[in-house]
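Student: So that we are looking at the same thing, I have put the structure below in structure tokens.
Every number in this text was worked out from the coordinates using simple rules, so none of it is lab data. None of these values were measured; they are calculated from a predicted model. Neighbour counts are summed over all protein chains in view; Cβ atoms, including those assigned to glycine, are modelled from backbone coordinates with ideal geometry.
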Amino acid sequence: MISVQACLDGILLGILFALIAYGMALQWGVMNIINIAQGDLVILGGYIAYFMYLYGIHPAWGVIVAPVIMYFVGIAIYKLVINKVVDRDLFISILATFGISILFMQLMNFAFGADVVLANSDYGTTMLFNNNVVLPNSKIFSAFISILFAICLVIYMKKSKLGRAIRATAQNARAAKILGVDTEKVYAATFGINAALCGVAGALISITFTIHPYMGLPYTIRSFMIVIVAGLGNLPGVAMSGMGLGVFEEFADYILGTEFRIGSVFLLLVLILIYRRFKLSKKREYLK
Amino acid sequence: MRLNKIILSFVSALVILFSTSVASFAKVVGDKIILGAAISLTGKYSSNGVHTQNGYNMAVDRINNMGGVKVGGKTYKFDIIYYDDESNPKRAAQLAERLISQDGVEFMLGPYSSGLTKAIAPVTEKYGVPMVEANGASRSLFTKGYKYLFAVLAPANLYLDVAIDLAVEKNNGKGVTVAMAFEQDAFSQDVRLGVLDAIKRTGSKKVIDDKLPKELNDMAATLVKVKQMKPDVLVVSGHTKGALTAIRQISEMKVDVPMLAMTHCDAAKLSKQHGKNSQYALCASQWHKTLTYKDDFFKDGMTYDADFTKEFGYAPPYQAAESSAALLVFKDAFERANSFDQKKVRDALAATNMQTFYGNIKFAPGGQNVDKPMVLFQVMCDDAGKCENKVVAPTKWASAKLIHPIPSWSKR
């Protein structure tokens with residue numbers, strides 16, 4: 001039963017992480033920007049849900065309100081900073097978003113205080129297999145909402161005009177521009193959509209875990225890893241690698257101990273990168 | 001003409017610079033004893049940094065209004081120069097250096113947290129500046145042979161060993177099984193060492209010993225192990241994040257343990273954030289308002305609690321109370337030394353043996369307070385869901401009887 005519990009815990013956790021990684025993959029693929037402030041946008045989304053909870057509104061409504069607010073926050077960040085670095089090399093964008101990350105941390109600390117907070121959903125618990133497997137409903141709710149948003153986004157990307165423009169820009173920005181796509185608008189919308197996804201994930205995290213102004217970085221690192229493992233533009237891959245990493249983490253925790261949880265995930269990342277390099281070098285030989 | 005103006009401006013600038021440096025380059029200016037403190041007013045420790053500052057300020061006002069400090073037949077008043085260390089140990093060390101070598105401060109108050117105290121202590125030690133600190137409990141602070149560091153609080157290794165003793169007592173003196181989950185930071189690991197000592201001393205057995213990563217706020221894996229192993233006691237220490245996460249996941253996963261002991265419950269505002277789910281949690285605390293210690297300045301815990309709440313608009317956490325106690329210790333040491341000589345004040349501090357509203361204070365050679373035990377309170381809620389922290393151990397100060405074992409989730 002322990003392995004069933006570990007699997008389910010890992011999958012539920014992984015789906016939530018995959019949603020954050022999904023936004024990162026989208027923005028990385030379209031704009032070639034690695035957003036270090038990704039986790040901070042998540043935490044900001046969490047604070048929106050938390051404040052709704054403080055004012056007596058159920059925090060689950062945060063999954064609707066937070067993305068709307070965060071979309072405009074994303075657009076504002078794009079207009080103020082990102083549009084100045086979008087055509088520069090990757091290193092400049094990392095520096096710029098690192099700066100935004102520090103600014104956001106300090107602003108959140110200033111505005112909301114340094115206390116660790118959470119929003120109680122009171123969703124209760126689901127017991128399975130004769131009470132041997134216990135799943136908090138808040139985690140199930142988080143996974144369900146994450147999947148829902150991911151599916152909506154995939155459909156939106158395929159069917160809508162903006163979605164097609166985003167995909168065209170990701171494939172070849174210059175060609176898209178020549179064919180009449182307003183890439184500036186596409187970039188702004190992409191950053192906004194990413195921030196909105198972070199807003200949803202943040203609201204879910206405030207219901208499932210805890211939030212704190214300085215807690216963003218682990219979410220950035222985790223989503224970065226998921227994207228690295230899945231590869232850019234591979235959205236089903238992001239979902240699979242998110243869940244896979246979640247399950248791997250839980251098992252590493254049970255078998256090796258909690259202290260090796262993060263270390264084992266990084267080890268896995270290194271192994272995957274070495275494997276990929278090995279595969280690529282083989283491919284090069286073949287091309288010769 | 002223009003050259004004259006430049007020379008005049010240069011000379012006046014020099015005069016201003018010289019006069020200000022002379023004015024500030026003194027430990028005692030007029031009738032003021034100037035203390036220095038680097039406090040986390042921004043950054044991740046800012047909540048507790050503000051509690052620390054409020055505690056210091058409250059004591060400064062109280063001592064100054066009640067006659068000040070009498071040294072050599074003259075009355076002096078306390079004043080504190082504060083700098084914001086941004087919750088950053090490197091910045092804290094720089095600011096300590098600045099307070100001592102630029103501002104001329106010769107007596108220091110501690111910052112918030114063990115990590116920042118560890119950063120500042122080598123600086124104060126180098127300059128021979130006595131520092132009374134109230135918020136650095138890590139055992140490693142007191143094993144380095146520092147001569148000028150004095151802590152009014154009990155060291156971290158004493159935080160939760162009382163809980164193990166209590167569990168053994170409830171088990172008719174027989175050893176118990178203990179599950180431990182501690183964050184990987186200096187403070188929590190010191191708490192862990194104390195629990196390990198208690199386990200050894202009481203013939204108990206450790207069944208889970210998890211080290212929680214700093215960056216993770218999920219302990220579901222540990223709790224599944226707890227459900228499997230069914231220990232007698234679950235001990236958790238991971239600052240406010242650890243306390244909040246533990247209660248959330250224990251209640252969600254319906255983990256039944258006869259005793260749950262943790263740290264940082266009041267800083268995490270457990271009963272406010274989790275309500276009835278936090279019921280029966282045992283929490284280690286340096287101070288509680290119902291303790292019956294007394295002094296001339298704050299009378300007792302209840303009066304301190306009322307006065308602090310009136311002044312700052314919230315009930316004092318123990319971080320504020322211990323910070324106020326640090327000023328009482330300094331006042332007592334200055335008066336006994338009857339001098340501002342750093343060595344004499346240091347010796348007077350080392351010989352401190354007093355009672356404050358916060359507890360008895362007597363320093364061991366390492367600088368830690370050995371005369372003040374930790375207290376354990378238990379979160380108890382009424383039917384309306386209103387929760388309160390009630391002291392249950394040590395029995396001398398208990399205001400309520402320990403509820404043990406904790407009722408299972410199915411019966412709540």
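Student: In chain B, what % of DSSP beta bridges are antiparallel (nearest 5)?
Tutor: If I count the DSSP bridges inside chain B, around 40 percent turn out antiparallel.
Student: No partner Cβ under 4.7 angstrom, meaning no disulfide-compatible partner by this rule: which Cys of the protein assembly as shown qualify?
Tutor: So, A:Cys7, A:Cys152, A:Cys198.
Student: Would you report the distance distribution of C-alpha pairs in region A:2-287 as whole percents per 10 angstrom bin, up to the bin with the largest distance?
Tutor: 7, 27, 35, 23, 7, 1, 0
Student: Treating cross-link reach as a plain straight distance, find the aspartates and glutamates whose alpha-carbon is under 18 Å from the alpha-carbon of B:Lys299, omitting any fewer than eight places away in the same chain.
Tutor: B:Asp61, B:Asp307, B:Glu311, B:Glu322, B:Asp332
Student: Another one. Using helices alone, I'd like the mean residue ellipticity at 222 nm for chain A: each DSSP H run of four-plus residues gives -39500 (n - 2.57), total over residue count, nearest 500.
Tutor: Value at 222 nm, helices only, nearest 500: -25500 deg cm²/dmol.
Student: Considering only region B:261-412, what is the antiparallel percent among its DSSP beta bridges, to the nearest 5?
Tutor: Of those bridges, close to 90 percent are antiparallel.
Student: What does the structure give for B:220-231 when I average, per residue, the other chain Cβ atoms found within 10 Å of the residue Cβ?
Tutor: 5
Student: Order of A:125-135, B:356-366, A:97-107 by packing, highest average Cβ count within 10 Å first?
Tutor: B:356-366, A:97-107, A:125-135
Student: Count, for each residue of A:116-123, the Cβ atoms from other chains sitting within 10 Å of its Cβ, then give me the mean as a whole number.
Tutor: What the average comes to for A:116-123 is 5.
Student: Here's another thing I want to ask about it. I'd like to know how region B:84-138 sits against the 2.2 N^0.38 Å rule of thumb: what's its Cα Rg over that expected value?
Tutor: 0.98
Student: While we're on this one: Can you put A:Arg167, A:Arg222 in order, fewest other beta carbons within 10 Å first?
Tutor: A:Arg167, A:Arg222
Student: For region B:171-275, what is the per residue volume of the convex hull drawn over the alpha-carbon atoms, in cubic angstrom?
Tutor: 97 Å³
Student: Right, another one. Mind pulling the angle between the C-alpha long axis of helix B:239-252 and the longest principal axis of chain B? Nearest 10 degrees, somewhere in 0 to 90.
Tutor: Approximately 20 degrees, to the nearest 10.
Student: Report, to the nearest 10°, how far helix B:89-101 tilts away from the longest principal axis of the Cα atoms in chain B, using its own Cα long axis and a range of 0 to 90°.
Tutor: Result, in degrees: 30.
Student: What is the set of long-range amide H partners of B:Val176 at a cut-off below 5 Å, with H atoms built 1.01 Å from backbone N?
Tutor: Counting only residues 5 or more places away or on other chains, the set is B:Ser204, B:Lys205.
Student: Then there is this: With angles folded into 0 to 90 degrees, how steeply does helix B:301-312 sit against the dominant principal axis of chain B? Use alpha carbons for both and round to 10.
Tutor: Between the helix axis and the principal axis of chain B, the angle is about 60 degrees.
Student: Where does each of B:126-139, B:386-399, A:250-263, A:191-204 land if you order them by average Cβ count within 10 Å, highest first?
Tutor: Result, highest mean Cβ count within 10 Å first: A:191-204, B:126-139, A:250-263, B:386-399.
Student: Another question, if that's okay. Quick check on the protein assembly as shown: of the DSSP beta bridges with both residues there, what percent are antiparallel, nearest 5%?
Tutor: Percentage antiparallel, nearest 5: 45.
Student: If you don't mind, there's one more thing I want to ask. Based on the mean of other Cβ atoms within 10 Å per residue, sort peptides B:189-195, A:54-60 so the most packed one is first.
Tutor: Taking the mean over residues of other Cβ atoms within 10 Å, the ranking is B:189-195, A:54-60.
Student: For B:Asn360, which sequence-distant residues (separation of 5 or more, or a different chain) have an amide H within less than 5 Å of its own amide H, given hydrogens modelled in the peptide plane?
Tutor: Excluding prolines and chain starts, which carry no amide H, there are no hits.
Student: Between region A:210-282 and region B:111-146, what's the alpha-carbon centroid distance in Å?
Tutor: 39 Å
Student: Would you calculate a helix-derived [θ] at 222 nm for chain B, using -39,500 (n - 2.57) for each DSSP H run of n ≥ 4 and dividing by the full residue count, to the nearest 500?
Tutor: Rounded to the nearest 500, it is -13000 deg cm²/dmol.
Student: Can you work out the Karplus-derived ³J(HN,Hα) for every residue in region A:138-146? Use 6.51 cos²θ - 1.76 cosθ + 1.60 with θ = phi - 60°, whole Hz, and x for glycine or proline.
Tutor: Listing the rounded values in order: 4, 6, 5, 4, 4, 5, 4, 5, 4 Hz.
Student: From the Cα trace of the protein assembly as shown, what convex hull volume per residue do you get, rounded to a whole Å³?
Tutor: Each residue corresponds to 216 Å³ of Cα convex hull volume.
Student: For B:33-46, what's the mean count of beta carbons from other chains sitting within 10 Å of each residue's beta carbon?
Tutor: 2
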